[in-house]
Amino acid sequence: MNDILSITRDALALVLWLSLPPLLVAALTGILVGLVQSVTQLQDQAISYGIKVITVTLTVFFTGAWMRNELMRMISRIFALIGVPPGAP
């Protein structure tokens, strides 16, 4: 029972840890684009949305390998806990 609670806690922490880079990039991009739009008095929502989509996509692209490795480490831990050998169908 203690192992299940530990895995659950670690999985929730991993979800928070893996979602942090895209969320931070989206928030910072929104603040910076909003600041630039207010200074230049551009009120087009498509500019902000488009730039956020591009920056979040680039963030996921560049951090994707790290995210995959962390997820694979967690999955290996779960499979080891339930006794499934690695690579089993």
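Could you grab me the full set of residues in the range 31-56 that are β-branched (Val, Ile, Thr) and either surrounded by 13 or more Cβ atoms within 10 Å (Cβ to Cβ) or in contact (Cβ under 8 Å) with a residue 12 or more places away in the chain (or both)?
Looking only at the range 31-56, we keep the residues that are β-branched (Val, Ile, Thr), and these are 31, 33, 36, 39-40, 47, 51, 53-56.
Within the range 31-56, Val33, Val36, Ile47, Ile51, Thr55, Val56 qualify.
Being modelled with pLDDT of 95 or more, out of contact with any Ser or Thr (no Cβ under 6 Å at 6 or more places or on another chain) and loosely packed, with under 11 Cβ neighbours inside 10 Å: is that true of Leu28 here?
Numbers: modelled with pLDDT of 95 or more: yes; out of contact with any Ser or Thr (no Cβ under 6 Å at 6 or more places or on another chain): yes; loosely packed, with under 11 Cβ neighbours inside 10 Å: no.
No.
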Task: Contacts under 7 angstrom Cβ, first residue in the range 73-89 being at pLDDT below 70, partner assigned to a helix (DSSP H, G or I) and not charged (D, E, K, R), 6 or more apart - done: Pro86/Ser76; Pro86/Phe79
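The values are calculated or read from the model by the stated rules, or taken from the named source; none is laboratory data. Since the structure is predicted, the reported quantities are computational estimates derived from the model, not experimental observations. Here Cβ is always computed from backbone atoms with ideal geometry, including for glycine, and neighbour counts include all displayed protein chains.
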